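Worksheet: the structure to be examined is printed underneath.
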Amino acid sequence: MTKELIFAGFGGQGVILAGKILCIAAMKEDKCVSHIPSYGAEMRGGTANCSVVVADEEIASPVVEHPDICIVLNKPSLDKFEPRMKEGGILIYNTSLIENKPKRTDIKVYGIDCNRIAAENGSERAGNMVALGALVKIVPWLCSVDSFAYALDQAISARNKKFNEVNLKVIKAGYDLPLNAQ
C-alpha cells in the first residue's frame, strides 16, 4: 500500500514539522517514507506545505501531484490543494481558520477545530499536532499514535524538547476526537 499526502498551511503552523513527525513515526513501524518540504521566503506567515509518501515498499517517486490525503490548516491551502486530490481521498481541514466547507463531494471531508482543541490541551500553537492525531485515527495504517512519542523525540531540537509532553497530549486529543466524515 502507498499513501500520498500533502500537509499545507502558512509558515509558523508547523506543517513541515507535522510531515516530518509522521515520516519518523511511520519509519519506526518499518514503512518506507519520503518528505519534501516547500515554503515561501517569509519565515512566518508565508505559504508552507510538504509532500509525504508512506509505503510498504520502496517509493518510486517522492512527487505528490494528486494526493490521497490532504491536511490543510488555512483557506489558501484548501483552495490550492482540494482540486488536486484523488477521487475518494481524505481531506482534513482546520475549521478554526477555514469557514467555508470544501466543495468536492467525491472525497471524505473532516472538519476539525484544530486551534481550539490545541489551546484546550495546553498549546495554542499545536493545531498541527491535533491534525496528526486525527489523521492516524482516520488512517491507522500510516502509524500508531504510540509511535509519535518516539518521533517527537527524534524530530524536535534539544532546546524545544520541553514541549514534547504537551505536543503528545495534543496529538492524543486529536486522536480521541469523535470523527465522522461530512
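Out of curiosity, is Val64 over 25 Å from Pro178 (Cβ atoms), touching a Leu at 6+ places or on another chain (Cβ under 8 Å) and surrounded by 15 or more Cβ atoms within 10 Å (Cβ to Cβ)?
Judged against the criteria, Val64 is a match.
Can you pull out every residue in the stretch 123-139 that is of a type outside the set (D, E, K, R) and in a loop (DSSP other than H, G, I, E, B)?
The answer is Ser123, Ala126, Val139.
Pull up the stretch 1-30, narrow it to residues that are assigned to a loop (DSSP other than H, G, I, E, B) and surrounded by fewer than 24 Cβ atoms within 10 Å (Cβ to Cβ), then point me to the one that is nearest to the chain's Cα centre (by Cα).
This residue is Gly14.
Restricting attention to the stretch 1-57, report how many residues are farther than 20 Å from Arg125 by Cβ, touching a strand residue (DSSP E or B) at 6+ places or on another chain (Cβ under 6 Å) and modelled with pLDDT under 95.
1
Checking the structure you have, find out if any residue of the stretch 85-100 is of a type in the set (D, E, K, R), surrounded by fewer than 20 Cβ atoms within 10 Å (Cβ to Cβ) and part of a helix (DSSP H, G or I).
no
Just one of Arg104, Arg116 is basic (Lys, Arg), over 18 Å from Gly19 (Cα atoms) and in contact with a strand residue (DSSP E or B) (Cβ under 8 Å, 6 or more places away or on another chain); which is it?
Result of the check over Arg104, Arg116: Arg104.
Restricting to the stretch 109-124, count the residues that are in contact (Cβ under 8 Å) with a residue 24 or more places away in the chain and surrounded by fewer than 16 Cβ atoms within 10 Å (Cβ to Cβ).
2
Select, from Leu179, Leu142, Leu168, Leu152, the only residue that is modelled with pLDDT of 95 or more and either more than 15 Å from the chain's Cα centre (by Cα) or in a loop (DSSP other than H, G, I, E, B) (or both).
Sole residue among the options that is modelled with pLDDT of 95 or more and either more than 15 Å from the chain's Cα centre (by Cα) or in a loop (DSSP other than H, G, I, E, B) (or both): Leu142.
Can you tell me which of (1) touching a Phe, Trp or Tyr at 6+ places or on another chain (Cβ under 9 Å); (2) closer than 17 Å to Ala26 by Cα is the one Asp153 doesn't meet?
Of (1) touching a Phe, Trp or Tyr at 6+ places or on another chain (Cβ under 9 Å); (2) closer than 17 Å to Ala26 by Cα, only one is false for Asp153: (1).
The values are calculated or read from the model by the stated rules, or taken from the named source; none is laboratory data. Keep in mind the model is a prediction, meaning the values are calculated, not measured. For neighbour counting, all protein chains shown are included, and Cβ atoms are generated from backbone atoms with ideal geometry for every residue, glycine included.
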